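Below is one structure; the comments refer to it alone.
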Amino acid sequence: MIVFAMASCQAKAIADNTTVYIHTVEDFADVREPLNSHVGLEASSVLESMYDYVQVLEDDFLTAAVPDSAPEQKTSVYPRIKRMADGRYIMFFQGGQVASRILYSFSDDLKKWSDPEILWNPYNITTGEGKDVRRFTTADAVVLPDGDIIVVCSYRASKGYKNGIDCGLVLKRSSDNGASWSEPQYIYEGTNWEPYLLCLPNGDIQCYFTDCIPSIKDSGTSVITSKDGGRTWNGYRKVSRQFKHVSEGHKIFTDQMPCVRLLNDGKTLFGFFEARLEPDFPADDAKSIYKMSLVYNDGFEWEDLGDEGEGPKDRLTNVFEGAAGYVSVFPSGETLISCNISSVFSMKLGDADARRFNGRSWTEDWFQPFEENGFWGATEIASDHEAIGAIYAPEGLSIGKFYLNHAIDAHVETIKADGDASDWKQDHLFFLGSESPAQAIIRPSYDEDNLYLLVECKGRKAATELYIHNAAASDLAPGSSVYLKLNADKVMESAALSSKGKGREITVTASVRKGKTKDGSEGYLAEIAVPLSVLGASSGDTLKLNACLGRDTFTGAAEGKPATWMTVRLK
């Protein structure tokens with residue numbers, strides 16, 4: 001925390017004991033962003049964990065759904081969460097790392113989940129090699145524009161798989177938000193891992209999958225396509241591979257566990273793939289390592305690489321060690337990638353082109369929200385400002401929701417700092433609330449004289465500290481920065497900061513009022529007017545904002561370094 005010297009506070013606090021409604025971040029879940037609204041500003045975007053939504057769904061979650069005869073299947077692995085057309089959530093997962101069955105569960109709020117139900121169960125079969133068991137694994141799903149859900153998983157004969165016997169991809173559909181499911185539809189035959197579904201704006205549905213020969217560690221990504229809503233599939237082609245080595249006269253490739261999204265330009269397919277590499281080949285004990293690659297395709301149709309080709313040409317190959325990648329894209333332009341790095345679920349935000357990702361390098365500045373180690377995670381966009389993440393861990397499924405804090409344009413509004421927030425039209429906000437149930441939302445506005453901040457805090461005992469800086473000045477230069485501290489009763493301190501951390505008295509107008517949230521939690525609202533003259537700012541300038549709520553601060557924000565704070569533009 002910045003240390004500064006000051007005399008008694010000169011804030012004009014307006015006393016009002018009337019209880020007011022305290023908004024929380026949930027009240028703004030439907031706020032929309034124009035497409036690519038933050039292109040050029042993505043470097044200042046960060047994800048903030050939402051404490052109320054981070055949980056571990058322990059393995060007894062599966063107790064009733066999986067028979068006691070299969071104890072190795074009583075772990076929830078490979079989670080994929082999707083938002084259905086009715087606003088609820090459905091999560092698909094498998095029982096056990098070497099799965100036999102696919103299950104699903106529902107949630108209204110991402111906090112409580114229904115008892116799991118079985119989508120696919122293993123069953124006995126007979127192949128050319130004799131008696132066997134058909135197993136089901138690694139499911140992925142997509143919600144179509146008409147609300148239908150289609151889910152695809154890999155099937156395989158337990159014994160015959162290594163010889164390519166009885167394996168492929170199978171699909172089911174629901175037209176009633178998961179209440180019932182169609183009969184299974186077999187859409188591909190051949191050894192495979194990890195299918196992934198993508199619905200394109202023209203109505204095409206692509207099913208990507210790891211196309212593999214497991215016995216020789218050969219893989220690559222292939223795709224099949226449906227042009228009729230998932231009812232028929234064709235167009236098989238191999239679309240992403242990198243050459244590894246030659247083994248017994250065979251060229252061996254990799255590029256596997258595909259996840260592909262369409263970027264907001266409407267034409268670029270961006271893939272985030274895992275590579276399984278053996279640097280010590282042909283040593284008999286050559287061990288595999290895993291690295292991540294980024295691939296790009298201009299248009300919806302990929303070049304068919306055939307049996308010998310490598311590609312695509314536009315790619316960043318093996319840029320860091322990691323595994324099990326996933327991609328999501330925010331409407332505002334930020335690209336979100338996730339993967340496992342040393343068994344830690346790790347995320348990075350990038351620009352709208354998915355070329356430049358935040359952080360100094362690929363080995364630093366990953367957002368790692370879960371305490372538990374794990375593997376096979378995934379993300380999904382829940383709203384224009386929220387992403388969901390989930391990953392298997394030995395303790396159970398780690399699930400979380402994360403708020404997208406990014407640059408806000410503070411528009412001119414007529415505001416009175418009187419504790420009555422009904423005159424606020426600004427509905428874009430910064431969220432702070434990763435460390436405890438206490439949370440704060442902050443909305444900025446301005447006029448020719450003042451910067452206005454509306455701070456609403458859930459948690460009466462939580463003090464909120466605010467740091468405001470004129471981005472045009474050098475870090476904390478005299479006359480460019482302001483510090484405010486408030487709690488449920490008053491603005492406790494305010495000062496203009498200098499580069500040496502000392503402050504001079506300033507006058508702000510503020511009203512602090514106690515209140516309650518929708519769920520009855522106590523909190524407070526603070527409406528604050530800070531003279532722009534104190535900051536040396538005016539219309540058209542950019543400000544930097546940091547906030548502290550106890551020990552919680554914005555992700556990546558460093559004390560005394562405004563360049564790492566959130567961006568407010570006086571538009």
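Considering only C-alpha atoms, what is the centroid distance from the stretch 96-168 to the stretch 214-233, in Å? The stretch 96-168 and the stretch 214-233 have Cα centres spaced 16 Å from each other. Computed as a quarter of the hull surface, the mean projected area of the alpha carbon convex hull for the chain stands at 27.7 nm². Peptides 90-102, 237-249 ranked from most to least packed give 90-102, 237-249, packing being the mean of other C-beta atoms within 10 angstrom over each peptide's residues. Stretching residue 163 away from residue 117 to a fully extended chain increases their span by 13.4 nm, per 0.36 nm per residue minus the current alpha-carbon distance.
Applying both filters, DSSP loop and at most 15 other Cβ atoms within 10 Å, to the trypsin sites (Lys or Arg not before Pro) of the stretch 486-564 gives 500, 502, 518, 551. If you plug the beta carbon distance of residue 424 and residue 109 into 1/(1 + (r/R0)^6) with R0 = 30 Å, you get a FRET efficiency near 0.70.
Extension gain, residue 72 to residue 146: 0.36 nm times the residue separation minus the Cα-Cα distance gives 22.9 nm. Comparing Cα centroids, the stretch 177-199 and the stretch 344-380 end up 28 angstrom apart. Over the chain, accessible surface divided per residue gives 40 Å², non-protein components excluded, 1.4 Å probe.
With each label modelled as a point 7 angstrom along the Cα→C-beta vector, the residue 286-residue 232 pair spans 4.3 nm. Taking 56 Å as R0, compute the FRET efficiency from the Cβ-Cβ separation of residue 474 and residue 317 and round it to 0.05. Once the sixth-power term is evaluated, E becomes 0.90.
For residue 569 and residue 355, the difference between the fully extended length at 0.36 nm per residue and the C-alpha to C-alpha distance is 74.6 nm.
Applying 1/(1 + (r/R0)^6) with r as the Cβ-Cβ distance of residue 342 and residue 189 and R0 = 30 angstrom yields a FRET efficiency of 0.25. Taking label points 7 Å from Cα along the Cα-to-Cβ direction, residue 411 and residue 246 give a separation of 6.5 nm. Quick check: from the Cα gyration tensor, does the stretch 356-472 come out rounded (a/c under 1.5), prolate or oblate? In terms of gyration-tensor shape, prolate. The sum of -39500 (n - 2.57) across all DSSP H runs of n ≥ 4, divided by the residue count of the chain, sets its helix-only mean residue ellipticity at 222 nm to 0 deg cm²/dmol.
Measuring between their Cα centroids, the stretch 270-284 and the stretch 400-476 lie 47 Å from each other. Computed in the context of the full set of protein chains, the accessible area of the chain at 1.4 Å probe radius has 48% of its extent on carbon or sulfur. Accessible area of residue 216 (1.4 Å probe, protein heavy atoms only, ligands and nucleic acids ignored): about 60 Å².
The values are calculated or read from the model by the stated rules, or taken from the named source; none is laboratory data. Computed from a predicted model, the values in this text were never measured in an experiment. Cβ coordinates were reconstructed from backbone atoms using ideal geometry, including for glycine residues, and neighbour counts include every protein chain displayed. What goes into the accessible areas is simple: the full protein's heavy atoms, side chains included, and nothing from ligands, DNA or RNA. Shrake-Rupley method; radii C 1.70, N 1.55, O 1.52, S 1.80 Å.
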